[in-house]
Amino acid sequence: MKLTKEHLKPVSNQVYGQVWGQVRDQVRNQVRNQVWGQVYDQVWSQVYDQVWDQVRNQVWDQVYHEIN
């Protein structure tokens, strides 16, 4: 019995499925880490600035009122 492309098709599909699954997961993780890193940095800097301003203003107001 000679192996033909038709015989190998199920095997190649299975191998392709496994390889594609691994590659897909790796790429997805990389993209997610990169995008998440960028978004996290942006959001954190914005939130940090906002919270810092609020806290600074509140503390400054309290201190200022206590002094005067």
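The values are calculated or read from the model by the stated rules, or taken from the named source; none is laboratory data. Only a predicted model underlies this, so the values are computations on that prediction, with no experimental measurement involved. Cβ coordinates were reconstructed from backbone atoms using ideal geometry, including for glycine residues, and neighbour counts include every protein chain displayed. For the accessible areas, the whole protein counts, side chains as well, though only heavy atoms, and no ligand, DNA or RNA atoms are used. Shrake-Rupley method; radii C 1.70, N 1.55, O 1.52, S 1.80 Å.
Through the Karplus equation 6.51 cos²θ - 1.76 cosθ + 1.60, θ set to phi - 60°, convert the phi angles of segment 32-42 into ³J(HN,Hα) values in whole Hz; use x for Gly and Pro.
Using θ = phi - 60°, the values come out as 4, 5, 5, 5, 4, x, 5, 4, 4, 4, 4 Hz.
Per residue and in cubic angstrom, what volume does the convex hull of the Cα atoms of the chain have?
For the chain, the hull spanned by Cα atoms encloses 67 Å³ per residue.
At a 1.4 Å probe, what is the % contribution of carbon and sulfur to the accessible area of the chain?
For the chain, the apolar C and S fraction of the accessible surface comes to 58 percent.
Which value, in debye to the nearest 20, describes the size of the charge dipole of the chain about its Cα centre when Lys and Arg Cβ atoms bear +1, Asp and Glu Cβ atoms bear -1, and nothing else is charged?
The calculated dipole for the chain is roughly 1000 debye.
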